Amino acid sequence: MIAGNGLTKNVSTAIEEALERHELIKIKIKADSREDKESLAEKISSQSNATRVQLIGHVLTLYRQAKEPMLVIPKK
């Protein structure tokens, strides 16, 4: 969960570890406005080099393939 302190070094490290371990993660973002939420979601996805899957309400979903992939995403 990302709240008042924003995207700190500890939060960034936790996101990196979670993405490497799980590939697909959800992050709860508490922000005052929709613009703040969008901005923070964009910053998180670019810093973590992850694909933003969706942002619904206060929940951001990210995907980044791990060094040893666990998920298989079908091609359309």
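Full extension of the chain between Asn49 and Met1 yields a length gain of 15.4 nm, computed as 0.36 nm times the residue separation minus the alpha carbon distance. The stretch between Thr13 and Ile56 holds 13.2 nm of extra length on full extension. This uses 0.36 nm per residue minus the Cα-Cα distance.
Dipole magnitude for the chain: about 220 debye, using +1 per Lys or Arg Cβ and -1 per Asp or Glu Cβ, origin at the Cα centre. Using C-alpha pairs below 8 Å separated by at least 6 residues, the relative contact order for the chain is 35 percent.
Shape summary of the chain, radius of gyration then Dmax from alpha carbon positions: 12.5, 40 Å.
Residue-wise HN-Hα couplings along the range 46-59, as the Karplus relation 6.51 cos²θ - 1.76 cosθ + 1.60 with θ = phi - 60° gives them from phi, are 6, 5, 8, 6, 10, 8, 7, 7, 6, 9, 10, x, 9, 10 Hz; Gly and Pro carry x.
Computed from backbone phi with θ = phi - 60° and the Karplus coefficients 6.51, -1.76 and 1.60, the 3J(HN,Hα) list for the range 35-45 is 5, 4, 5, 4, 4, 5, 4, 5, 5, 5, 5 Hz; x is used for glycine and proline. Would you be so kind as to identify which of Met70, Ser33, Ser48 lies farthest towards the positive end of the dipole of the chain, taking Lys and Arg as +1 and Asp and Glu as -1 on Cβ and the Cα centre as origin? In the chain, that residue is Met70.
Throughout, read-outs are computed from the coordinates displayed, never taken from laboratory work. The model shown is predicted, which means the values in this text are computed figures rather than measured ones. With ideal geometry, Cβ positions are generated from the backbone for all residues, glycine too; neighbour counts draw on all protein chains shown.
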